[in-house]
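The values are calculated or read from the model by the stated rules, or taken from the named source; none is laboratory data. Predicted model only: the values in this text are computed from it and were never measured. Quick reminder, even Gly has a Cβ in these numbers, built from the backbone with ideal geometry, and neighbours come from all protein chains shown. Heads up: the accessible areas ignore ligands, DNA and RNA and are worked out on the full protein's heavy atoms, side chains in. Shrake-Rupley method; radii C 1.70, N 1.55, O 1.52, S 1.80 Å.
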Amino acid sequence: MRLSEQDIMNAICLLIADRKKIRPDMVKVQLMWDEDLGFSAEVAAEGREQILIEANMLEALERYLLTQWNIRAFRSQITLDIDDVEMFATVEE
């Protein structure tokens, strides 16, 4: 199964919204990739910004798959990747 860049951003929005007890549309996400640092996301919510590392992103995707798709996936089954167009996640079944 392949999740799009939009799915990844939605997963992060839902995770942060749940943690901060706000609506998901109040969360802004910018996905990033760096050759040295790997995958991360800059998140803005309630006037504050924070950086999520890859482990946090995988947690968000794990919860997203369970709550939105009713799929139980573990972090070891989720891989982040990037191509010429967008970032995506691959989920092994």
Could you list all residues from the range 41-64 that are more than 18 Å from Gln77 (Cα to Cα), free of Cβ contacts under 8 Å to residues at least 40 places away in the same chain and surrounded by 13 or more Cβ atoms within 10 Å (Cβ to Cβ)?
-> Ala41, Glu42, Val43, Ala44, Ala45
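Name the residues in the range 5-40 that are open to solvent by 40 Å² or more (accessible area, probe 1.4 Å) and either under 17 Å from Ala89 (Cα atoms) or in contact with a Pro (Cβ under 7 Å, 6 or more places away or on another chain) (or both), would you?
Glu5, Gln6, Met9, Asn10, Leu14, Gln30, Met32, Trp33, Asp34
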Name the pairs whose Cβ atoms lie under 6 Å apart, with the first residue in the range 69-93 and of a type in the set (Asp, Glu), the second part of a helix (DSSP H, G or I) and surrounded by 12 or more Cβ atoms within 10 Å (Cβ to Cβ), and 6 or more positions between them or separate chains?
-> Glu86/Glu5; Glu92/Gln77
Quick check: is even one residue across the range 9-17 free of Cβ contacts under 8 Å to residues at least 60 places away in the same chain, β-branched (Val, Ile, Thr), on the phi < 0 side of the Ramachandran plot and in contact with a Lys or Arg (Cβ under 9 Å, 6 or more places away or on another chain)?
-> no
